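Have a look at the structure below before the remarks.
The values are calculated or read from the model by the stated rules, or taken from the named source; none is laboratory data. Just so we're clear, the structure is a prediction, and the values are computed from it rather than from any experiment. Backbone-built Cβ (ideal geometry, glycine too); neighbour counts: all protein chains shown.
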Amino acid sequence: MRKDLTLVAALFAASLVATPLVMSGTKALATSGEATAVALPVATMPVEVAAVAPAPETCNRKVRVVYSGYGTPNAACITR
């Protein structure tokens with residue numbers, strides 16, 4: 001038990017030491033604060049949108065209705 005606690009404490013201390021080193025390293029590798037905007041023409045193409053008829057519902061498997069009055073039964077499904 002004591003050995004496990006020592007290991008957890010050592011990992012915690014190492015993470016406290018490593019965090020500033022990692023953060024300073026990522027700041028050194030970060031890009032500069034200068035941002036330049038480049039204006040490029042963007043080609044746009046119109047798209048035709050057509051209405052699609054919904055597919056007819058079919059009942060491929062039989063489902064037992066547990067709660068009566070729950071929803072409306074599908075006309076394609078025959079209930080017993």
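Only one of (1) surrounded by 10 or more Cβ atoms within 10 Å (Cβ to Cβ); (2) at pLDDT 85 or above fails for V47. Which number is that? So the condition that V47 fails would be (1). Looking at this structure, is L40 surrounded by fewer than 10 Cβ atoms within 10 Å (Cβ to Cβ), modelled with pLDDT of 80 or more, assigned to a helix (DSSP H, G or I) and of a type outside the set (S, T, N, Q)? Taking the combined requirement at face value, the residue does not satisfy it.
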